[in-house]
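A.B. asks: I am attaching a structure below and will ask some questions about it afterwards.
The values are calculated or read from the model by the stated rules, or taken from the named source; none is laboratory data. What you are looking at is a predicted structure, and each value in this text was computed from that prediction instead of being measured. Positions of Cβ are backbone-derived with ideal geometry, glycine not excepted, and every protein chain shown enters the neighbour counts. When the accessible area is computed, the model is the full protein with side chains, heavy atoms only, and any ligands, DNA or RNA have been set aside. Shrake-Rupley method; radii C 1.70, N 1.55, O 1.52, S 1.80 Å.
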Amino acid sequence: MTTLVKLLLANRDTSSNSVWRNDITGLRALAVLPVVLYHAFPSLIPGGYYGVDIFFVISGYLISGIIFRGLLNQSFSYKDFYVKRIKRILPNLSLLFAFVLLVGLFYLTAAEYKSLAKHVYSSGLFIQNFRLLKEVGYFTTDALHQPLLHLWSLAIEEQFYIVFPIICAVLFKKWRSVKVLSIVTMSIVIGSLVFCLLSDKGRDFNFYFPLTRFWEIGFGITLALAEKFYAFKPTQIPLTVRHGLSVLGLGMIAIPMMMADSTTVHPGGFTLLPVLGAVALIGAYPDALVNRYLLCLRPMTFVGLISYSLYLWHWPLLAFLFIYYPEASNELKGLALVLSVLVSTLIYFGVENPVRRSIYIGKVKTEIFCLGLLFVGVLSGVLVSKFDGLPNRNFGYASHTKAFKHDGDWRFYEGAPTVNYATWSIRTETPGHFPRVIFAGDSHTEQSYLRAQKLAQSARVSVGFVTSGGCLILSPVEKGYKEEACRKASESFYELIKDERVKTIVISQMWGWYPSESLETGLRNFEKAIKTRKNLKVFILLDNPWSDDQAPLADNFNPIYHVNRLNPKDAQFEILLPHNKKWLEANEKVKTLTREWATATIIETSPNICPNDVCNLAEWYRDANHLQPKALEEKGVWLDPIFEE
């Protein structure tokens, strides 16, 4: 407590000659507080997530400053650089892994715990952004239940700082040329910015992919580069100008944080405002108006000092709160934030500072000890994942076994035998016999695999699946990192329609997921293709009911959101058929456009899944839009007519 009081009452040197800058520490507070408040109260600061972009700028400026000073002094050492990063990052991170795995052991279902374990080892290996890119969007309902969602940003930072020091040292030592170093650095920064602004690969891709984020770190690096190698001294600028620059910088940060909404492209052009605002505040120096009278305030510098801890710990506490109390009150969320500040303060003084200053812990070098902690955390995550989230743990969910014992992934499909065809692969259990029945579509087709193979075996006919998750196979419109996969799957599918060995085509898609115009175009293309085959049978499956990402938790089709964790016996898994316009309108459009096709049979799925317009989520659903493959294998009777002949 005495140390805390001293810290709050004391102020560090804010002169331009000091490496330490109080105003940058205060800027960390200006970055972390909006993020924390946004996560708890999104409507309060709708663009609070821009705080992470400010963190990127600060990190770029400070870390590259260390590298550049070392190069100039001919004292740069890879070992020293990475040892400092290890001692700074790993102890707190390892504690966090232990905490989430321990809490998850008692409060998460097997599927949730397995997912958490994957996130633990992905975060420990600093590839969490790539895992999230495959699994969950940052702004979706599912994100609320991911305790390590926020570690995507730490992964991007570390990916950059694994590579950037090596580039700098190699270039500078080989050519001894500031010009070469500057050209390469600026090429990386500008290339990353252009890629971000021109990318059409989708919101999630741009949010999590490192090359669309490096430019934000790069803007901080650019300022450090100008100061260290080109004698740029902001203090030479008149103080009144720097006063204005600091006010402008604060405004450029505050405006997007308050004006952002669900339509804001991020990262994108609008992201330039907070990034440039952070550069302006750093460049204004500690004696500028905002820096001196806001950022250097003792409460701001205190929050800045614990900002890493606060960022690490606030979100897991909120996420577990959202898991346990889906409709948590503002009071509970406020208490979670207060707790996160207390925990962060204790860890800063009790763990972070002592470890960073120590050379040995016991008789073991500190950095080796920290790496050992991380290894244990990563290994724990791998083991929990390998053992499927320890499904034999008892949470009182025994009456809901069917809802939580289903496979947490698509291994039954991904591991199926394949036969190459055109530019794609057909999945089939009888690779020695060319499939006479072809199922085609996206993951809403893949969920039928077990039932289709079971029926095919009984009917003594071979069946194959041609799918690509997230792709409208009738018209490859997916733009982004899946564009090539969608195109190849669609081309191969249309080649199969021409193949006389194929006697039956079954189309199943998450129809409402795709743009209406693309859906109409795809159905017209499909109609033209099947008209070339006189004896080809076509079955069109209308989609199973589902809820979108914006659905309130009470209307969400993911059964996990309907568990009453306080009293599992009171869980209510039956909900009414959704009023989901995308699902309803897309199914109706498919019916309308295909009703007159002579060779096509339309199959309804919802009467079986939701009899009398009541859907039992525990019986049928594995998440908000997919059915449990095992449940479909047992009760998916709507597929039976396909194999009757």
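A.B. asks: Accessible area, 1.4 Å probe, largest first: how do MET252, MET186 sort?
C.D. replies: MET186, MET252
A.B. asks: Of CYS615, GLY636, LEU346, whose Cα points farthest to the positive end of the dipole of the chain (charges on the beta-carbon: +1 Lys, Arg; -1 Asp, Glu; origin at the Cα centre)?
C.D. replies: The residue sitting farthest along the positive end of the dipole is LEU346.
A.B. asks: Which of THR428, SER177, ASN625 sits closest to the plus end of the dipole of the chain, meaning its Cα is farthest towards the positive end, when Lys and Arg get +1 and Asp and Glu get -1 on the C-beta?
C.D. replies: SER177
A.B. asks: Note down the accessible area of MET300, probe 1.4 Å, to the nearest 10 Å².
C.D. replies: Taking all protein chains as shown, MET300 has close to 30 Å².
A.B. asks: Would you kindly find the accessible area of ARG524, with a 1.4 Å probe and non-protein molecules such as ligands, DNA and RNA excluded, rounding to the nearest 10 Å²?
C.D. replies: Roughly 120 Å² of ARG524 is accessible to a 1.4 Å probe.
A.B. asks: Ok, one more. Are there trypsin sites (Lys or Arg not before Pro) in segment 111-186 that DSSP puts in a loop and that have at most 11 other Cβ atoms within 10 Å, and which ones?
C.D. replies: Passing sites in segment 111-186 are ARG176.
A.B. asks: Here's something else I'd like to know. For segment 519-645, with all protein chains present and a 1.4 Å probe, just round the carbon and sulfur fraction of the accessible area to a whole percent. Walk me through the numbers on the way to the answer.
C.D. replies: Working: 3010 of 6290 Å².
Ligands and nucleic acids excluded, carbon and sulfur reach 48 percent.
A.B. asks: Over the chain, give the accessible area per residue in Å² for a 1.4 Å probe, as an integer. Walk me through the numbers on the way to the answer.
C.D. replies: Numbers: 28450 Å² over 645 residues.
Value returned for the chain: 44 Å² of accessible area per residue.
A.B. asks: Related question: In segment 200-239, what percent of the accessible surface is made up of carbon and sulfur (1.4 Å probe, ligands and nucleic acids excluded)? List each step's numbers first, then the result.
C.D. replies: Working: 1030 of 1610 Å².
Whole-percent figure for carbon plus sulfur exposure: 64.
A.B. asks: Moving on. I'd like the accessible area for ILE347, computed on protein heavy atoms only with a 1.4 Å probe and all protein chains in place. Round to 10 Å², please.
C.D. replies: ILE347 has an accessible surface of roughly 20 Å² with all protein chains in place.
A.B. asks: Separation between the ASP499 and THR240 pseudo-spin-labels, each 7 Å from Cα along Cα→Cβ, expressed in nm?
C.D. replies: So the two model labels end up 7.9 nm from each other.
A.B. asks: When Lys and Arg each count +1 and Asp and Glu each count -1, what net charge do the other residues less than 15 Å away from LEU593, Cβ to Cβ, add up to?
C.D. replies: Values: positive: ARG524, LYS528, LYS531, LYS589, LYS591, ARG595; negative: GLU517, GLU520, GLU527, ASP543, GLU585, GLU588, GLU596.
That works out to -1.
A.B. asks: Which order do you get for SER43, SER344 if you rank them by accessible area with a 1.4 Å probe, largest at the top?
C.D. replies: Working: SER43 110, SER344 0 Å².
Sorted descending by solvent-accessible area, the residues read SER43, SER344.
A.B. asks: Okay, moving on. Please get the size of the charge dipole for segment 536-645, origin at its Cα centre, with Cβ charges of +1 on Lys and Arg and -1 on Asp and Glu, quoted in debye to the nearest 20. Present the calculation step by step, with values, prior to reporting the outcome.
C.D. replies: Working: 11 positive and 18 negative charges, 36 e Å.
Rounded to the nearest 20 debye, it is 180 debye.
A.B. asks: Follow-up question, since we're still on this one. Is there a pair in LYS488/LYS582; LYS482/LYS503; LYS537/LYS582; LYS201/LYS582; LYS134/LYS482 whose C-alpha atoms are over 18 Å apart, and which pairs would that be? Walk me through the intermediate numbers first.
C.D. replies: Details: LYS488/LYS582 26 Å; LYS482/LYS503 29 Å; LYS537/LYS582 28 Å; LYS201/LYS582 22 Å; LYS134/LYS482 11 Å.
Pairs exceeding the cut-off: LYS488/LYS582; LYS482/LYS503; LYS537/LYS582; LYS201/LYS582.
A.B. asks: Between 0 and 90 degrees, rounded to the nearest ten: what's the tilt of helix 516-530 against the longest Cα principal axis of the chain?
C.D. replies: On a 0 to 90 degree scale, this one is about 40.
A.B. asks: With Cβ to Cβ distances under 14 Å as the rule, what net charge do the other residues near ALA169 carry (K, R +1; D, E -1)?
C.D. replies: On the way: positive: ARG69, LYS79, LYS173, LYS174, ARG176; negative: ASP80.
Spelling it out: positives minus negatives among the neighbours equals +4.
A.B. asks: So for the chain, considering every pair of alpha-carbon atoms, how many percent are separated by more than 38 Å? Display every interim value, and only then the final one.
C.D. replies: Values: 87216 of 207690 pairs.
More than 38 Å apart: 42 percent of the Cα pairs in the chain.
A.B. asks: Now for a different question. Can you list, largest first and rounded to whole Å, the semi-axes you get for segment 551-630 by taking the square root of 5 times each eigenvalue of its Cα gyration tensor?
C.D. replies: Values: eigenvalues 179, 33, 19 Å².
In descending order, the three semi-axes are 30, 13, 10 Å.
A.B. asks: If Lys and Arg each add +1 and Asp and Glu each add -1, what is the summed charge of the other residues whose beta carbon sits under 15 Å from the beta carbon of LEU289? Numbers along the way, then the final one.
C.D. replies: Details: positive: ARG242, ARG292; negative: ASP23, ASP287.
Once all neighbours under 15 Å are counted, the net charge is 0.
A.B. asks: Still on this structure, I have one more. Given segment 83-205, what whole percent of its Cα pairs are spread farther than 17 Å?
C.D. replies: Values: 5017 of 7503 pairs.
So the pairs more than 17 Å apart make up 67 percent of the total in segment 83-205.
A.B. asks: Taking the Cα centre of each part, how many Å lie between segment 577-627 and segment 417-452?
C.D. replies: 22
A.B. asks: In addition: Treating the angle as unsigned and between 0 and 90°, give the value, to the nearest 10°, between the Cα long axis of helix 110-124 and the longest Cα principal axis of the chain.
C.D. replies: 40
A.B. asks: Okay, next question. Once the convex hull of the alpha carbons of segment 424-492 is built, what does its volume come to per residue, in cubic angstrom? Intermediate values should be presented prior to the final figure.
C.D. replies: On the way: hull volume 5.2 nm³, N = 69.
Each residue corresponds to 76 Å³ of Cα convex hull volume.
A.B. asks: Relative to the Cα centre, what is the charge dipole magnitude of segment 150-283, using +1 at the beta carbon of each Lys and Arg, -1 at the beta carbon of each Asp and Glu, and rounding to the nearest 20 debye? Don't skip to the end; give the middle numbers.
C.D. replies: Values: 10 positive and 7 negative charges, 134 e Å.
So the magnitude is around 640 debye.
A.B. asks: Calculate the radius of gyration of the Cα atoms of segment 426-537 to one decimal place, then report Dmax, the largest Cα-Cα distance, as a whole number, both in Å.
C.D. replies: Radius of gyration, then largest Cα-Cα span, for segment 426-537: 13.7, 41 Å.
A.B. asks: Note down the magnitude of the dipole of the chain about its Cα centre, charges +1 on Lys and Arg C-beta and -1 on Asp and Glu C-beta and zero elsewhere, to the nearest 20 debye. If you can, show how the numbers build up before the last one.
C.D. replies: Working: 64 positive and 54 negative charges, 506 e Å.
That gives the chain a dipole magnitude of about 2420 debye.
A.B. asks: What's the extension gain from SER329 to ASN420 if we count 0.36 nm per residue and subtract their Cα-Cα distance?
C.D. replies: Working: separation 91, 0.36 × 91 = 32.76 nm, distance 5.38 nm.
Answer, rounded to one decimal: 27.4 nm.
A.B. asks: Calculate the length of the line joining the C-alpha centroid of segment 210-270 to that of segment 298-357, in whole Å.
C.D. replies: 27
A.B. asks: Write down the percent of antiparallel bridges among all DSSP beta bridges whose residues are both part of the chain, to the nearest 5.
C.D. replies: Numbers: 11 of 30 bridges.
Looking only at bridges with both residues in the chain, the antiparallel portion is about 35 percent.
A.B. asks: Run lengths n ≥ 4 of DSSP H only: what is the helix-derived mean residue ellipticity at 222 nm for the chain, with -39500 (n - 2.57) per run over all residues, to the nearest 500? Could the numbers behind the result be given before it?
C.D. replies: Details: 27 runs with 356 residues, N = 645.
Estimated from H runs of four or more residues: -17500 deg cm²/dmol.
A.B. asks: How would segment 248-319 be classified by its alpha-carbon gyration tensor: rounded, prolate or oblate, with rounded meaning a/c under 1.5 and the a/b versus b/c comparison settling the rest?
C.D. replies: Numbers: a/c = 2.42, a/b = 1.06, b/c = 2.27.
In terms of gyration-tensor shape, oblate.
A.B. asks: Right, something else. If you rank TRP175, TRP511 by how much accessible surface each has, with a 1.4 Å probe, what is the order from largest down? Present the calculation step by step, with values, prior to reporting the outcome.
C.D. replies: Details: TRP175 135, TRP511 0 Å².
Per-residue accessible area, sorted high to low, gives TRP175, TRP511.
A.B. asks: For the charge dipole of the chain, defined by +1 on Lys and Arg C-beta atoms and -1 on Asp and Glu C-beta atoms about the Cα centroid, which residue among VAL384, GLN74, ALA224 has the Cα displaced farthest towards the positive pole?
C.D. replies: GLN74
A.B. asks: Then there is this: Using only Cα atoms, what is the ratio of the radius of gyration of segment 115-170 to 2.2 N^0.38 Å?
C.D. replies: Details: Rg = 12.9 Å, N = 56, 2.2 N^0.38 = 10.2 Å.
Taking N as the residue count of segment 115-170, the ratio is 1.27.
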